[in-house]
Amino acid sequence: MKLEKSQLADNKTIQISGSKSISNRLLILESLFNSIKMGNLSNSQDTQLLRKALSESSETVDIHHAGTAMRFLTSYFSIFDAKTTILTGSGRMKERPVKDLVNALKDLGADIEYLENEGFPPLKITGKKITKSKVNVPANISSQFITSLLLIAGKLENGLEINLVGEITSRSYIEMTLDILTRLGIKNSFNGNTIKVAPFETHDEPADVSYEVESDWSSASYFYSFCALGRQTIHLKSFYQESTQGDSAIARIYEDFFGIKTIFSADDHKITLQPDPNFSFPAKIVLDMNNCPDIAQTLCVTASALQIPFEISGLGTLRVKETDRLLALYNELKKIGAETEITESTIQSVSFGEAEENISIKTYQDHRMAMSFAPFCLIKELNIEDEYVVEKSYPVFWEDLQTILVKN
């Protein structure tokens, strides 16, 4: 995908589809409890793959690159008594660890086998009735592992008590899950490092619960980047001021470091991204993104384009995403003139120079690499390799971009 050097059009409006994180949680819960009416579901490939997997009748379920689906379905299939499922995925999926989740499920009594490499998919899951109700899990594992357990917790005969051992990673995503459970009438609590979910008796089930999915803040992050570089107003729909999505932190981050104010309209759930013309950029950005690691790539590209030094921590989970995102950033930021240093959980800028003459950004089968680098077209023409990776979370991203860009 060739992106010509462009300017940002003023006062354009984009409708972003529902949050992938919320949609995927609701699909699992709807399948378990059959009482949820959902609106504005995500149109992402991940959500479509999960929906297909939930309706699959064959023994083998292939979720391709959909990491969320792999994690959520591991717990989901483990509670269907006597049902055997082979859960597999792409080559990269077979490199993404699931051991901590599988260990927790086994501790509860689940029957799960590794079919190839210990600790990694594919998995053979033989469903069982789970009666154990307490489990200890490391607190610093992916929040999706914890959410996977929470989504089935209300369906367990004795509910579930999870003791998180150590410092919690991505707490906001756990709280999002618990908020959804509460709205569906599933009683829960989160005190200290202990989460409790009560069993959800059939007679307690509401006749119907309607859930209108808020648009995806992760997808919104790319437009914050465009706004920060292009200094024009952008409107986005449909977002809520009291959001449960961890990536809603993008609003505060971009106001603090790039002078992009977020104005909420309660009437039509529209947000306006408005650049402050008198804003003074900081000497350096120092930030812990432990609670919102998925927007770190966007931030790094924005800061590099503006040549603002940065030091970002709390990014340990990026090593085991669609690709090693820290290494990918290290490689690709060089092409736009930014030298960085990375550790297991941090990235910081070292120096800034001129961008390459013919920039071609590798995407590493990672949707966020493609979209986070796209705003650099406001600085210089560039090519995005394998642009179709955006289908994973935002299939119409390139079409939406055409509505906000004016070619020079």
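Below are the figures for this structure:
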read-out	value
Top-ranked residue in the stretch 57-69 [being open to solvent by less than 60 Å² (accessible area, probe 1.4 Å) and modelled with pLDDT under 90; ranked as farthest from Glu113 (Cα to Cα)]	Ala66
Subset of the stretch 47-56 that is open to solvent by 70 Å² or more (accessible area, probe 1.4 Å) and of a type in the set (S, T, N, Q) - its residue that is farthest from the chain's Cα centre (by Cα)	Ser55
Positions within the stretch 154-178 being over 22 Å from the mean Cα position of the chain (by Cα) and without any contact (Cβ under 8 Å) to a residue 60 or more places away in the chain, in sequence order	Glu157, Asn158, Gly159, Leu160, Glu161, Ile162, Asn163, Val165, Gly166
Looking only at the stretch 225-249, and only at residues there that are in a loop (DSSP other than H, G, I, E, B) and closer than 21 Å to Val301 by Cα, the one that is least open to solvent (accessible area, probe 1.4 Å)	Thr233
Any strands (runs of 3 or more DSSP E) falling wholly within the stretch 24-126 and containing at least 1 residues that are aliphatic (A, V, I, L, M) and within 21 Å of Leu178 (Cα to Cα)	36-39
Check on Thr346, among the β-branched types (Val, Ile, Thr), touching a Leu at 6+ places or on another chain (Cβ under 7 Å), over 23 Å from Lys20 (Cα atoms) and open to solvent by less than 20 Å² (accessible area, probe 1.4 Å)	no
Cβ pairs under 7 Å, 6+ apart, first in the stretch 257-272 and within 24 Å of Met289 (Cβ to Cβ) and assigned by the TED database to the domain that holds Cys300, second open to solvent by 20 Å² or more (accessible area, probe 1.4 Å) and in a loop (DSSP other than H, G, I, E, B)	Phe257/Pro282; Gly259/Asp276; Gly259/Phe279; Lys261/Asp276; Phe264/Gln241
Search result, residues across the stretch 57-81 that are under 26 Å from Ile186 (Cα atoms) and more than 17 Å from the chain's Cα centre (by Cα)	Thr74, Ser75, Tyr76, Phe77, Ser78, Ile79, Phe80, Asp81
Candidates Asp400, Asp294, Asp366 - the one that is open to solvent by 10 Å² or more (accessible area, probe 1.4 Å) and modelled with pLDDT under 95	Asp294
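The values are calculated or read from the model by the stated rules, or taken from the named source; none is laboratory data. In this text, all values refer to a predicted model and were calculated from it rather than measured experimentally. Virtual Cβ from ideal backbone geometry, glycine too; neighbours counted across all protein chains shown. Remember, those area values only see protein heavy atoms, side chains included, never the ligands or the DNA or RNA. Shrake-Rupley method; radii C 1.70, N 1.55, O 1.52, S 1.80 Å.
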